[in-house]
Amino acid sequence: MRTRGLRGTLAADDGIGAGNVLARVLAHGADPHGPGLTFDTAVDGHPAELPLTLGRLDERVAARAAWLHERGIKPRDPVAVWATAAADMVLSYLALTRLGAIPALMNGRLRPEIAAEYIRRLRGVGVLADDAHTALLAGHDLGVPVIGTPAEAGTGDPAAAPAHYRHHADDPVIITHTSGTTGVPKAVLHSHASLFAATRHLLAMPQAQGTNRILNALPAPHTATVLMVNQALGNRAEMFLLSDQGGERVLDAIQRWRPDGVFGFSVTWAELARFDLSAYDLESVSLWFNTGDCSHEPHVRRLVAVGSRDVVTRDGITRVPGSVFIDGLGSSEMGHSMFHITHRTDTDRYGRCIGRPYRFARVAVLDAAGEPVPTGEVGWLGIDSPSLFRGYWNDSVTTHRFRRRGWYLTGDLVYADDEGRYYHMDRAVDSVDVGDGRRFYTALSEERILAACPDVTDCTVVIVAEAGRVVTDVLLELAAGADDAEDRTARVRAALGPDVGATLRRVVPVRPADIPVTVTGKVRKVALRERYLTEAAS
C-alpha cells in the first residue's frame, strides 16, 4: 500500500489508538521490511544505530510481551518503567500496551527517593528498571517488586506472545509524568483514544516537509516521544531516538544521521545556542519542531539560519538555504501541542507568539472565575480537546482542581490578539501579582534580556515577593568568549523595563560546566535557581 493511502486508512480506522499503532500499521499492509525505529543503543544483539525494520521491531516487541505475560502481567496492570536508554522506554511501552497493561514511564533523572514515592503512589504491580536504576531503588519501599530489566524482557519468545489486546477507546493506555519541580511529579493518564487524537488529525492532513527522516531529541519517557513514535510509524518515516538530549550529542547525531527534521524541547534549542552552528554540517535539516515550553526568539533565529528546505517556484521545486521552525505550546496533559506557528529567516512575528490553535482544539483565555476575558487581556489558558489527558492517576482531587467550567486550566498565562493569535507570557507559578492589576512575568523578561544581550545564550529570571517587596534575580549563561567579569546590570535592567527593572537585585553569571541538562526548561530553572541564588545569598 502506498504511504499516502496508508496514512488516510489509518486516520479513518476507528480501532486504532495509542495502544496498537504498530499492530494496525502492519494489519493495513505496511511493508515489514520498511522502516521501524532506530535506537542509539543495542537492542537484543541488534547493533546501535542500525535501523530496525518494521517487522523486526514487531518481533522485539512480541518478545517483551511474551516475557511480561509469563510473569503475570495482565490488562489494566500499571507497570513502572525506569531506565535511561530510549530503546528501553519505547520498547517497554509498546510491549506493555500490546498486553493491555499500562506502562508508567519515568524520567531517569528523578532522585531515588522521589522515584520510590512516585512508584508507591502508582499502586501498580511491578517495576521494570535497568541495572543502574535498580541499584538506586535498593533499600526503598516500593510496595511492588522489581520484576526485571527491560533488557531481560527482550529474551522472551516472540512466538509465545499472546494475541494483541483489543483496546476500547476509553481504555487507560499510558501514564507519563510532569516535571516534578516542586516534589513528587503528577502522574498523567492518557487513554487509547486521547493520545491518538492529534495523530489522527495529522495523518488526515498532507505530510509536512521534514517528517520523513526524524531525529527525536525529545526525552524518551515523555508523552511527546510516544506521540512522535506513533506519528513516525503512521507516516512510515524513519526515526532515530536519542537517549541523551545534550547539545553536542544532538549536533553529532545530525551530522552523522542527516535527518530532515529534528524534534525537541526548548531546553535543547537553548543548548544548541551555545555552539557556533555554522561550524557544523546541518544542511539536511528542513524542520525544527518544538513542543513543551515555547521557544525564545534568539534561539529560533539561530536555527532557521542553518539547514535548507524545498520551496515551490515557477521553475519547479528548488532547494534554498534556511530551515523552518515550528513552535507551539504543549504539555503532557494536553496530549499534543495546542498551538503552532512557523518561523523562517524572513518572518518576524515573535514576542512569545505561539500562533493559532490546531483545528482539533478549542482554547479560551479566562479570568479567575472561569469567564472569558477581552481580546488583548492576559488571563488563564483554558483547553478543551479530544487529546486531553483523562486525569491524574490516583489523584482525583488534583484532577478536578484544574478544571473550570468545562475547561482544563493549563497553568499558563496568555492573551489573544485581534487576528486570533495567542501570546504566552509566563507560567502562573513563575509570575508575581504586584497589585493594581499588574503582574510581572519571568518568561517575558527572559525573552527581553536575550534580545538585548547577544553575548548571553540563555538566562533564567526569578521574581519573588518577599519581606513585603518584590525582588528580581537574573542568571546569565554567557556565550563562549564573553567576559564573565563584565557588569551587565545596567543592560539587564534596561531590557527588563522600568517596572521589573526597578526590582532587580542581582545579576549572576552561570558557569557553563554547571548548567544542568534537563528534560524541560522548568526543571532547568529550578536547578539553576537553587544552585546559584543559594550561593549568592550565602
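If only residues of the range 195-208 that are touching a residue at least 24 places away in the same chain (Cβ under 8 Å) and assigned to a loop (DSSP other than H, G, I, E, B) are counted, the one that is surrounded by the fewest Cβ atoms within 10 Å (Cβ to Cβ) is ALA204. Scanning the range 24-39 for residues that are part of a helix (DSSP H, G or I), of a type outside the set (Lys, Arg) and open to solvent by 50 Å² or more (accessible area, probe 1.4 Å) turns up just one, ALA27.
Scanning the range 60-72 for residues being of a type in the set (A, V, I, L, M) and either surrounded by fewer than 24 Cβ atoms within 10 Å (Cβ to Cβ) or in contact with a His (Cβ under 7 Å, 6 or more places away or on another chain) (or both) gives a total of 3. For the range 467-507, residues that are under 33 Å from the mean Cα position of the chain (by Cα), within 18 Å of VAL434 (Cα to Cα) and in a strand (DSSP E or B) total 6.
The single condition among (1) open to solvent by less than 10 Å² (accessible area, probe 1.4 Å); (2) touching a residue at least 60 places away in the same chain (Cβ under 8 Å); (3) among the β-branched types (Val, Ile, Thr); (4) out of contact with any Pro (no Cβ under 7 Å at 6 or more places or on another chain) that VAL324 does not meet is (1). Restricting attention to the range 6-27, the residues that are more than 22 Å from ILE174 (Cβ to Cβ) and either in contact with a Gly (Cβ under 9 Å, 6 or more places away or on another chain) or among the aromatic types (Phe, Trp, Tyr) (or both) add up to 3.
For the range 1-23, how many residues are open to solvent by 50 Å² or more (accessible area, probe 1.4 Å) and either closer than 23 Å to SER92 by Cα or in a loop (DSSP other than H, G, I, E, B) (or both)? Qualifying residue count, the range 1-23: 3. In the range 209-293, counting only helices (runs of 4 or more DSSP H) that sit wholly within it, the ones holding 3 or more residues that are at pLDDT 95 or above and within 23 Å of GLY55 (Cβ to Cβ) span 223-235. When the residues of the range 332-362 are filtered to those that are farther than 21 Å from LEU444 by Cα and touching a Pro at 6+ places or on another chain (Cβ under 9 Å), the one that is most open to solvent (accessible area, probe 1.4 Å) is THR345.
Going through the range 302-315 one residue at a time, which ones are without any contact (Cβ under 8 Å) to a residue 12 or more places away in the chain and either touching a Ser or Thr at 6+ places or on another chain (Cβ under 7 Å) or not in a loop (DSSP other than H, G, I, E, B) (or both)? Please lay out each step first, then the result.
Taking the range 302-315 as the starting set, the residues that turn out to be without any contact (Cβ under 8 Å) to a residue 12 or more places away in the chain are 311-315.
Of everything in the range 302-315, those that are without any contact (Cβ under 8 Å) to a residue 12 or more places away in the chain and either touching a Ser or Thr at 6+ places or on another chain (Cβ under 7 Å) or not in a loop (DSSP other than H, G, I, E, B) (or both) turn out to be VAL311, VAL312, THR313.
If the condition is being farther than 22 Å from ALA443 by Cβ, surrounded by 14 or more Cβ atoms within 10 Å (Cβ to Cβ) and of a type in the set (A, V, I, L, M), then the range 371-413 contributes only LEU388.
The values are calculated or read from the model by the stated rules, or taken from the named source; none is laboratory data. Note that the coordinates shown come from a computational prediction; the quantities given were computed from them, not determined experimentally. Counting neighbours? That spans all protein chains shown, and the Cβs are built from the backbone with ideal geometry, glycine included. Note: accessible area is taken over every heavy atom of the protein model, side chains too, but ligands, DNA and RNA are not part of it. Shrake-Rupley method; radii C 1.70, N 1.55, O 1.52, S 1.80 Å.
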